[in-house]
Amino acid sequence: LTNRNPVIAGIRFDGEPMDDSALCIGEACVTAEEPTCESLPQVELCDPNEPTGCKEYEIAPIVEESDNSELDYVASTIGGKQARLKEQMWIRYYADQGEIARDAKRLQDASEGWFAEHTTKWTVPEKGEGIAHLWTVVHDNRGGVDWARLSICLGS
């Protein structure tokens, strides 16, 4: 039996796809040089005294169902039912500064199918400096994984 790993094509930040200057995907993140603030999207630090509260940004990996939806042959044949069950997939979100609103989201369920809505929100930190890193990690239920890192410059 073969199993493809999930495929992340990019990351959307506040609804916009990010370019390569702010993004690395998979193994490229291991050897990627730390970007500089000049080449990154910039956000202002949170001011807790602001009446509107701290700014939140939507984040989500760019994942296409056609690249990631795979039949789980083992689960489909258990009990002789010959169901056409898809491989389960989910997303985990991480940040080294700021807060992630919901750090786990379903991407695909064996029987319910693909979940096109899989964004979460990142809240800018009150304190910090330099570059914040946001990760999205896509897992499947048979050990497959892909990840991407987005770098955001924190302003004052």
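The values are calculated or read from the model by the stated rules, or taken from the named source; none is laboratory data. Since the structure is predicted, the reported quantities are computational estimates derived from the model, not experimental observations. Note that each Cβ is placed from the backbone with ideal geometry, even for glycine, and that neighbours are counted across all protein chains shown. These area figures cover heavy atoms from the full protein model, side chains too; ligands, DNA and RNA do not enter into them. Shrake-Rupley method; radii C 1.70, N 1.55, O 1.52, S 1.80 Å.
Calculate the tail of P(r) for segment 20-127: the fraction of all Cα-Cα distances greater than 19 Å, expressed in %. Don't skip to the answer; put the middle values down first.
Working: 3569 of 5778 pairs.
Taking all Cα-Cα pairs of segment 20-127, the fraction more than 19 Å apart is 62 percent.
Can you work out the accessible area per residue across the chain, with the rest of the protein chains kept in place, probe 1.4 Å, in square angstrom?
57 Å²
Counting only protein heavy atoms, what percent of the accessible surface of the chain is carbon or sulfur at a 1.4 Å probe?
That fraction is 47 percent.
Enumerate the calculated ³J(HN,Hα) couplings along segment 19-25 in order (Karplus 6.51 cos²θ - 1.76 cosθ + 1.60, θ = phi - 60°), each rounded to whole Hz, writing x wherever the residue is Gly or Pro.
Result, rounded to whole Hz: 8, 5, 5, 10, 9, 9, 10.
Highest first, please rank the peptides 100-113, 127-140 by the mean number of other Cβ atoms sitting within 10 Å of their residues.
Ranked from most to least packed, the peptides come out as 127-140, 100-113.
Check which residues have an amide H placed less than 5 Å from Ile62's amide H, if you skip close sequence neighbours.
Placed amide hydrogens put Ala9, Gly10, Ile11, Arg12 under 5 Å from Ile62.
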